[in-house]
Amino acid sequence: MKQKSINRTIKRAQLMRYLWTLLYIGIALILCPIRAKAAMEQSHSTSVAGMVKLVLLEAKLIENLSSYADELEKKLNILKRVVPLLQEKSNKAMSQMEQYVSNPINAFSLIRRLHKDWNKWKLFMEEPLGSSQVAYVNEHKAQLPSPTDMDETCQGLHRLYDVYNLTVKDIVRGLINGKQYNASLGALDTYAMGKYLDHYRIRDLASEWFAETSKSLMQHTLPIPMGGERQQVLQLFARAFIKQKHYTIALPLLDHALIKGNKTNNSDLLSERAQIEELARAAPKLRPSIRYTTDYARGCRSQYVQQTNLICKYKFRPSPFLRLAPLKMEVLVVKPFIVAFHDVLSPHEIGELQQLAMPLLKRTTVYDSNSGLHGSVKGTRTSKGFWLSRSHNNLTKRIARRISDMTGFHLEGSTSLQVMNYGLSGHYALHTDYFNTTELIAPESPTGDRIATVLFYLSDVEQGGDTVFPRIEQVFKPERGKALFWYNLHRNGTGDKRTQHGACPVLVGSKWIMTQWINERPQLFARPCLRESTK
Ligand code: PD2
Ligand code: ZN
C-alpha cells in the first residue's frame, strides 16, 4: 500500500517536472523572437562608418530591382511580339465568322489553337515573375534599418534642429548652419519627420514639416510604387493629414488632387473639400514653434564669450623620452585644470587605430544611475565604439606610454582605450566622467573612481561635434591628432562638478575619438589624496 502511494507521489513529481519543463520551453520560445530581434538591432544611424554599409546595400537593392524590371520587360516583349500575330488571325475570323469556320483548314486551326495554345498562355501568365529578385530582397531584409533605427534617425535630425537653432526650411533645402550642401529632403522624408513629431505631440513643429511635404508633393512625383498615379497620391496624403487633423495642410493638396484628376465636377469630393475648408477655418492658427536655449546649446553654437589662450609650452617632463620629443601642451583652463596636447597622434597612427576599430564598432552604452547598471543603451549617448586593449600591439603599447608621459599617471587598473565613431547627429549628453558610486568610492575598491580623462580627437569635424563644459562656459573643437586632458576629481577624491561636459551633436562630418579614463587608486603616489580644497 505504502509502496503504491510512494510510486504515485514520484509519478506526480515527474509529471510536474515535465509540465514545468514544457512551460519553461514555451516561455523561452515566446521570448526567443524578442531576443533575436534585439540581437539584430544594428543602430545604423549611430556611426558614420556603420552607415557606409547602407549605401552599398541600397545600390545592390536598386540593381536587383532593375534586374526585376528586365525580367518584366522580357515577358512584356514576348507579348508585344505575339499578340499582334494572334490578333491578325482573330481579325480574319471575326470579319466573316461563318465563312471562316466553313473552311476545314481554318476550323482545324481554330480548334487546335483553343485546345492547345491557350493552356500554354495560361501557364505563361501564371509563371512566377522575378521570384529570385523577391528572394534577394527577403535575404537582405534583416540588414534594413528597423523601426528603432528610424526613430533614432528622426530624433537625431530633430536634435540638430533644436541644438543648432536651425529652421525646417533650411534643413529641407540642405542649408546647414549657413552652408549650402548638395543635399535635400523629399516629401517622404519630411512626412516621416512630421509623423515622428506628431507622435510625440509636438504638433506645431510637425505642421511645419508637413507643410514642406505638401509643397514637395505638388511639385514632384514620388519614387514609390504608386508614385505614377499623381492624383491618387495627393488624395492619399490629403486624407492622411485630415486623419491627423492637420486640415490647413490637407486643403491645398485636396485642391491640387481635384485639378490634377480633372474631378472638379465630382460632387462627393467637392463636398468633402467644403467640410475640410470649414474645419481648416476653425483650426487654430499655426504658431512658430517655441524654442528654448540651454547653456549646453549655447556652447554648441559657439555663443560663449571667447576664451583667451592661456599658456602654450613644450612639455619636457617627467619622462626622459619627453626630453627628446617634448609634447606641445596648451593650458586651456586653470580651474578646473584642462590642457590640450597638439599633434600627439600622427595621421598614420590614427589611420591604424581606425582600421583596427572599424569592423568591430558596437553601440556605446552608459551607466544607468537608476538601475545602477553599466552597459545600458540610451539616446543620451549615440555613437559606436570598440574597447581596444593597451597591450594589443606595438601601436597601442606606444600610445599607452605616451599617455603616461602626458599625464604622469600609471595606467594599470584603468579600463582599455575606447575608440569611437559618431553618426547622424551623434552626441553625448551632459555627464561627468566620474561615477561617484559607493562600490568605486569604497576604500576596498582596487580602482577607485575615474581621476582623469584623456580625450583624443582622431578626426576634424566639418560642423558641430565640439566638446562642451557648460558650467565653466568652455567649448573645444575636435582637431585631428589633438588630445584634451582634465582631472575629474578634486585633490580630496570627490567629484569636481565643474568638469560636467558633453559632446555636441555632429552636424556634418564623421567624428572619431579615443578616450582613456584613468582610475584613481593606482595614482596613490602620482597624485596623492589631499584633505584640502574642492576648488
Ligand atoms: O566626444 C566627445 O567630445 C566627448 C565629450 C565628452 C566624449 C566624452 N565625453 C566621453 O566619451 O566621455
Ligand atoms: Zn565624458
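Quick notes on this one:
- Estimated vicinal HN-Hα couplings, Hz - region 230-238 in sequence order (Karplus 6.51, -1.76, 1.60; Gly, Pro = x): 3, 5, 5, 5, 4, 5, 4, 5, 4
- The shape of region 356-493 comes out rounded: with a ≥ b ≥ c from the C-alpha gyration tensor, a/c is under 1.5.
- The simple Förster model, with R0 at 56 Å and r as the Cβ-Cβ distance, assigns Lys120 and Arg287 a FRET efficiency of 0.25.
- Checked against a 30 Å cut-off, the cross-linked pairs Lys92/Lys116; Lys328/Lys378; Lys60/Lys362; Lys179/Lys243 give Cα-Cα distances beyond that limit for Lys328/Lys378; Lys179/Lys243.
- Linear extension gain, Val82 paired with Ser319, 0.36 nm per residue minus alpha-carbon span: 76.6 nm
- Leu373-Lys245 pseudo-label distance in nm [points 7 Å out on the Cα-to-Cβ vector]: 3.7
- Linear extension gain, Arg471 paired with Tyr181, 0.36 nm per residue minus alpha-carbon span: 101.0 nm
- Taking 0.36 nm per residue of sequence separation and removing the Cα-Cα distance, the Ala442/Asp170 pair yields an extension gain of 92.7 nm.
- Computed from the C-beta positions of Met218 and Gln96, the FRET efficiency with R₀ = 51 Å rounds to 0.40.
- Overall, the chain carries a charge dipole of about 1320 debye about its Cα centre when +1 sits on the Cβ of Lys and Arg and -1 on the Cβ of Asp and Glu, all other atoms neutral.
- Helical content alone sets the calculated 222 nm signal of the chain at -15500 deg cm²/dmol, taking -39,500 (n - 2.57) per DSSP H segment of four or more residues and averaging over every residue.
- Entry note, region 199-332: relative contact order of 18 percent, from Cα contacts under 8 Å with a spacing of 6+ residues.
- Based on C-alpha pairs under 8 angstrom that are at least 6 apart in sequence, the chain has a relative contact order of 13 percent.
- Per-residue HN-Hα couplings for region 479-485 [Karplus 6.51, -1.76, 1.60; θ = phi - 60°; Hz; x = Gly/Pro]: 9, 3, x, 8, 10, 9, 9
- Sites Leu54 and Gln303 - FRET efficiency at Förster radius 30 Å, r taken between beta-carbons, to 0.05: 0.30
- In degrees, nearest ten, helix 247-260 long axis to first principal axis of the chain (Cα): 30
- Distance between the modelled labels on Ile62 and Glu412, one decimal in nanometres: 5.7 nm (7 Å Cα→Cβ projection).
- Projecting label points 7 angstrom from Cα along Cα→Cβ for Ile111 and Leu360 puts them 8.0 nm apart.
Values quoted throughout were computed directly from the atomic coordinates according to the rules given, and no laboratory measurement underlies them. Source: prediction; values computed, not measured. Here Cβ is always computed from backbone atoms with ideal geometry, including for glycine, and neighbour counts include all displayed protein chains.
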